[in-house]
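Enquirer: Can you keep this structure in mind? I'll have questions shortly.
The values are calculated or read from the model by the stated rules, or taken from the named source; none is laboratory data. Quantities reported herein were computed from a predicted structural model and do not represent experimental measurements. Cβ coordinates were reconstructed from backbone atoms using ideal geometry, including for glycine residues, and neighbour counts include every protein chain displayed. Only protein heavy atoms, including side chains, enter the accessible area calculation; ligands, DNA and RNA are left aside. Shrake-Rupley method; radii C 1.70, N 1.55, O 1.52, S 1.80 Å.
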Amino acid sequence: MIETTALSPHLGLEVTGVEDLLDDTLITRCVEALKWRGVLLIRGLHLDDDAQLAFSRKLGQVVTLGGSEIFTVSLDPAKSAQAEYLKGTFHWHIDGTTDSVPVKATTLTARYVATVGGGTEFASTYAAYESLPEADRKRYEDLRVVHSFAAAQRLAKPEASEKEQAGWRRGPSHEMALVWKRRDGRRSLVIGATADYVVGMEPAESRAVLEEVLAWSTQEKFRYAHDWQVGDLVVWDNTGMLHRALPYDPSSERTLHRTTIAGSEAWA
């Protein structure tokens with residue numbers, strides 16, 4: 001029998017009793033749970049890449065990144081060509097904010113875990129928006145933010161040379177609303193490492209607003225920290241979940257496999 005247990009007051013569900021991960025009834029329940037709880041955990045599945053892809057395709061169209069539908073998350077350059085870029089994932093972020101349509105959901109499976117640290121922390125910007133004072137909701141309602149690859153890289157490597165920074169500035173950027181309005185009526189805040197500046201604001205005021213929104217959204221009461229075990233499957237709704245990797249030894253064998261589900265009808 002499928003059972004669910006809340007992982008924290010505002011977000012997350014652990015799902016137990018799963019016998020067939022591809023069962024249509026289970027998929028329907030998972031999709032509905034993602035809408036309202038944001039993060040799903042199923043332990044002990046030990047999925048291989050084919051099984052992870054089969055499940056992901058039940059959720060929607062899988063995005064191909066670097067020629068593969070499976071993305072290896074590792075700080076070891078021998079395992080991931082993106083190891084240097086992945087250092088930026090230690091900062092709060094939302095996937096796909098520099099894309100024309102941000103991604104809908106992400107799945108991660110744990111192949112190797114760090115001996116110490118290396119968890120993944122989530123923060124619900126749905127809960128953060130819903131808890132905002134009315135005056136702040138009105139203040140943020142019409143603000144638009146430019147998200148850029150460069151902004152995230154500056155956080156990850158503040159001592160970068162001018163040449164490196166010039167290269168980052170050639171990376172993608174995208175303007176979008178600070179308050180996301182989903183077609184089912186729910187709203188969330190889009191914030192994080194890629195948030196570069198608020199359109200039409202002076203730089204100092206813009207930075208103050210972005211820092212204010214991020215600090216509000218990542219309060220302890222809106223967060224859940226996942227401590228990985230080998231074989232875990234974690235899925236999250238990218239339409240309102242910030243996430244970040246928690247510190248661990250870069251020489252650790254920590255390795256996760258990720259799939260990304262394309263955004264579509266979830267967006268207004």
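Enquirer: Return the residue satisfying two criteria in turn: it lies in the range 213-242 and is farther than 23 Å from Thr194 by Cβ, out of contact with any Leu (no Cβ under 7 Å at 6 or more places or on another chain) and of a type in the set (A, V, I, L, M, F, W, C), and of such residues it is surrounded by the most Cβ atoms within 10 Å (Cβ to Cβ).
Expert: Only one residue tops the list, namely Trp228.
Enquirer: Does any residue of the range 20-35 turn out to be among the aliphatic types (A, V, I, L, M), open to solvent by 40 Å² or more (accessible area, probe 1.4 Å), within 25 Å of Met176 (Cβ to Cβ) and not in a helix (DSSP H, G or I)?
Expert: no
Enquirer: Within the range 56-75, is there a residue that is closer than 29 Å to Val213 by Cβ and open to solvent by 50 Å² or more (accessible area, probe 1.4 Å)?
Expert: yes
Enquirer: Which one of Ala123, Ala127 is in a helix (DSSP H, G or I), surrounded by 14 or more Cβ atoms within 10 Å (Cβ to Cβ) and either touching a residue at least 12 places away in the same chain (Cβ under 8 Å) or among the basic types (Lys, Arg) (or both)?
Expert: Exactly one of Ala123, Ala127 is in a helix (DSSP H, G or I), surrounded by 14 or more Cβ atoms within 10 Å (Cβ to Cβ) and either touching a residue at least 12 places away in the same chain (Cβ under 8 Å) or among the basic types (Lys, Arg) (or both), namely Ala127.
Enquirer: Could you grab me the full set of residues in the range 53-79 that are free of Cβ contacts under 8 Å to residues at least 24 places away in the same chain and either hydroxyl-bearing (Ser, Thr, Tyr) or part of a helix (DSSP H, G or I) (or both)?
Expert: Answer for the range 53-79, where residues must be free of Cβ contacts under 8 Å to residues at least 24 places away in the same chain and either hydroxyl-bearing (Ser, Thr, Tyr) or part of a helix (DSSP H, G or I) (or both): Arg57, Thr64, Ser68.
Enquirer: Quick check: anything in the range 38-52 under 29 Å from Glu220 (Cβ atoms), in a helix (DSSP H, G or I) and open to solvent by 90 Å² or more (accessible area, probe 1.4 Å)?
Expert: no
Enquirer: To continue, here is another question. Among the residues of the range 243-258, is there at least one that is at pLDDT below 95, polar (S, T, N, Q) and crowded, with 17+ Cβ neighbours inside 10 Å?
Expert: Checked the range 243-258: at least one residue is at pLDDT below 95, polar (S, T, N, Q) and crowded, with 17+ Cβ neighbours inside 10 Å.
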